[in-house]
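Heads up, the thing below is written out as structure tokens.
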Amino acid sequence: MHTFVTVALDGLEFASYLFIVSVGLTVIFGVMRILNVAHGAVYGWGAYVAAIVIGWASAAALPVWAYFVGIGLTSVVVGAAFGLIVYFAFVRRMEGQDEVILLLLTFGLFLALENLSLLVFGGTSHYSFAPVMALGRVTVGGTLRTNYGFSIIGLAALVGVACWYFFDRTRTGRLIRVVIYDREVAETLGVNVNAMQCLTFIGGSVLAALGGAYIAPTISVQPGLGTQIIVMAFAVSVVGGLGSISGAMIGALIIGLLRSVAIHFVPSLELFVIYGVMAAVLLVRPEGLFPPPKARSI
Amino acid sequence: MKTWDPRSDSKIGPDAGRKQGLTRSLRINLVVIVAVYALLGTVSMIAADWLDTPIMIALSIGIAASGLMLLWRSGLISFGHGLYLGVGAYSVAILNQWYGVSSVFAALAVGGFLAGLTGAVIGVLIQRYRGIFFAMLNLAFSMVLYGYLVNSNMFGSTEGLSVSPGTLLGIDLVTSEGHDKRLVLLVVVLCFLVTIFVEVWRHSVMGWLGRSIRDNEVRVQYLGYSVAQTVFVTYLISAVATGLAGVVLALSIGQVDPGSMVNWTASGDLVFATVLGGTGSALAPVLGGFCYEAIHSTSMQLFPSSWGLVMGVAIVAIIMALPTGLWSVIRRIIKARVFSVKKVEQ
């Protein structure tokens, strides 16, 4: 029972955090057909900046809520800043290029931004456990869990609901879905596709930074963080179907839970499980488990 | 004055591979390749000893990029050829450490064969995929190997295994001054053979089909050719080439490890070298390999802590300025010369 609860909760926490990072990646791909490798670097920057901001907050002995305000502000500022730079300086200029060329472009940006974070923040690990400590622990099913872990699950649920509301209930969100479905028709109907793309890119980058900022207190923030997460986020998005939000959720749950099972029972299979699942799903369903609807091409 | 004859132009029609003997453009290209390699071989023989390793790494990457270039001509990019690089490199290390085999030729045979075998199995599965899915499925397979290697103590985990320089027909290639020039020459010859193969392949029927696939697969099928077969064979060639590249890379570095050979960033570097060179010629990937290694080792030397930044900026700058690769610049120069000469004659 203990093991079951631990495995399930670990998996759920990891899945929540994967979902937050992957949803941005998958939406950017849906709207712009760009598999944005630089997403991983934005995640890393979010984690570094959040660790420092939390450090300041705990040094100034601010109340608990200040940590979360700090995390929120960090992700908005870092995500929007990198989103704007990457979008306007690079992606916008390369419009109409091959998907694969854009993939390589974002790969270059990823290398540069990752290295820049190493230069700015140094090679040492940054720790910021204050928010985890402040929220305390709780016993569930005989195992001791941190409340912060549960708050990640809550945040992922919040992100999921917010995405659903945005894409299903607001005018802008629906217009973005129109762009995903058929870009050219959207353009002829007067949708400002460029504005929608810009909005998506920034929104997606904020989610990447949020993922990094929220996970920062639970890990040691060190170089190479983005390299790990970006391929996992790829795996999640591809398993769920690139461009599909519900797909990202299912993909995150499958990969999060399987990874947790692997870690507890066969630790050496940890990475193998993630990419094995990805390869298996792609082989059986090339478009992923829940591919977004496609306009019929004539 | 001789006028341009479309029948002798290798760029038009799939005639080139069907004719008896070699076509004119293929003959010219082969002569150019032989000349370039004669020069390259001489330069690498007289180059200073410290240049041996960079030259061998550049050539290894050139060999891998030659295979990837054939895929790239069909519009396919693999973000997972680190898998084959790893298979080649680890076969050298395993032959070396477990079986005590240090023959370079044995390593090339085993590494090339194992990479080909892996490529054949994965190729069957992968030939249906295109674009981003092709890139990502390759990435998934390579990360499966990476995940396995990182967690296996048998293969040295993240530290990897060390490789001795090996023997060539019984001659020991170890010297106190670094690499034996014979090993350098061997790598040059291997790269030469790969380039010749690529050039001949480009002029074969299947080579032409490879390029047509990028434009329109349906039309290729209407011509009565199998797209699946073409993609599979091209993939197999790229796997073997990358496997051989892995073997010589391991021999020139003297070390194999998952982080710099099998991880997805290593695959990304191979793709960068490929796109850097372009698809314009069989020599383009080798040029890409040399430029890649030049950027990489110069930035490693000058800015040890920020070479990633330099590499990243270089990738972005080259992609944005020259999405068709460096070879397109060379071609433009040659064309400009030819046209200006013609104008004078008229």
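The values are calculated or read from the model by the stated rules, or taken from the named source; none is laboratory data. In this text, all values refer to a predicted model and were calculated from it rather than measured experimentally. Cβ: placed from backbone, ideal geometry, glycine included. Neighbour counts: every protein chain shown. Just so you know, the surface numbers come from the protein's heavy atoms only, side chains and all, with ligands and any DNA or RNA stripped out. Shrake-Rupley method; radii C 1.70, N 1.55, O 1.52, S 1.80 Å.
A few points about this structure:
Yes/no per residue for (1) of a type outside the set (S, T, N, Q); (2) within 11 Å of chain A (Cβ to nearest Cβ); (3) more than 20 Å from the chain's Cα centre (by Cα):
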position: B:I253; (1), (2), (3): yes, no, no
position: B:N263; (1), (2), (3): no, yes, no
position: B:A266; (1), (2), (3): yes, no, no
position: B:S297; (1), (2), (3): no, no, no
position: B:L302; (1), (2), (3): yes, no, yes
position: B:I315; (1), (2), (3): yes, yes, no
position: B:A336; (1), (2), (3): yes, no, yes
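- Residues of segment B:69-93 classified as within 13 Å of chain A (Cβ to nearest Cβ), part of a helix (DSSP H, G or I) and within 15 Å of B:I122 (Cβ to Cβ), total: 3
- Residues within segment B:319-332 that are surrounded by fewer than 21 Cβ atoms within 10 Å (Cβ to Cβ), within 14 Å of chain A (Cβ to nearest Cβ) and in a helix (DSSP H, G or I), tallied: 3
- Looking only at segment B:276-289, residues that are part of a helix (DSSP H, G or I) and within 11 Å of the chain's Cα centre (by Cα) come to 7 in all.
- In segment A:112-148, the residues that are of a type outside the set (S, T, Y) and within 14 Å of chain B (Cβ to nearest Cβ): A:A112, A:L113, A:E114, A:N115, A:L116, A:L118, A:L119, A:V120, A:F121, A:G122, A:G123
- Segment A:33-56 - residue that is out of contact with any strand residue (DSSP E or B) (no Cβ under 8 Å at 6 or more places or on another chain) and open to solvent by 10 Å² or more (accessible area, probe 1.4 Å) and, of those, farthest from A:G96 (Cα to Cα): A:W56
- Looking only at segment B:110-151, and only at residues there that are of a type in the set (V, I, T) and open to solvent by 10 Å² or more (accessible area, probe 1.4 Å), the one that is farthest from the other protein chains (Cβ to nearest Cβ): B:V110
- Subset of segment A:167-194 that is open to solvent by less than 60 Å² (accessible area, probe 1.4 Å) and among the β-branched types (V, I, T) - its residue that is modelled with the lowest pLDDT: A:I180
- Taking every residue in segment A:177-195 that is without any contact (Cβ under 8 Å) to a residue 60 or more places away in the chain and pairing it with any residue that is open to solvent by less than 60 Å² (accessible area, probe 1.4 Å) and acidic (D, E), at least 6 positions away or on another chain, yields no pair with a Cβ-Cβ distance below 6 Å.
- Among the residues of segment A:95-110, those identified as out of contact with any Pro (no Cβ under 8 Å at 6 or more places or on another chain), facing chain B (nearest Cβ under 7 Å), free of Cβ contacts under 8 Å to residues at least 60 places away in the same chain and not small (G, A, S) are A:V100, A:L104, A:L105.
- Selection count, segment B:214-252, where residues are open to solvent by less than 10 Å² (accessible area, probe 1.4 Å) and more than 30 Å from B:V104 (Cβ to Cβ): 4
A quick yes/no check of all residues on (1) modelled with pLDDT under 85; (2) open to solvent by less than 10 Å² (accessible area, probe 1.4 Å):
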| position | (1), (2) |
| --- | --- |
| A:F201 | no, yes |
| A:L210 | no, no |
| A:L225 | yes, no |
| A:I230 | no, yes |
| A:A252 | no, yes |
| A:G256 | no, yes |
| A:I263 | no, no |
| A:P293 | yes, no |
| A:I298 | yes, no |
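- Subset tally (residues that are touching a Ser or Thr at 6+ places or on another chain (Cβ under 7 Å) and not aliphatic (A, V, I, L, M)) for segment B:186-210: 3
- Qualifying residue in segment A:37-55 (condition: among the aromatic types (F, W, Y) and free of Cβ contacts under 8 Å to residues at least 24 places away in the same chain): no
- Unmet criterion (only one of (1) open to solvent by 20 Å² or more (accessible area, probe 1.4 Å); (2) modelled with pLDDT of 90 or more; (3) of a type in the set (A, V, I, L, M, F, W, C)) for A:V86: (1)
- The number of residues in segment A:1-32 being hydrophobic (A, V, I, L, M, F, W, C), under 13 Å from the mean Cα position of the chain (by Cα) and open to solvent by 10 Å² or more (accessible area, probe 1.4 Å) comes to 2.
- Restricted to helices (runs of 4 or more DSSP H) entirely inside segment A:219-285, those with at least 1 residues that are more than 9 Å from chain B (Cβ to nearest Cβ) and aromatic (F, W, Y) are A:245-265.
- Looking at B:L51, B:L30, B:L40, just one residue is over 18 Å from B:I196 (Cα atoms) and either modelled with pLDDT of 85 or more or not in a loop (DSSP other than H, G, I, E, B) (or both), and that residue is B:L51.
- Test for B:S164: is it surrounded by fewer than 23 Cβ atoms within 10 Å (Cβ to Cβ) and either among the hydroxyl-bearing types (S, T, Y) or more than 16 Å from B:L244 (Cβ to Cβ) (or both): yes
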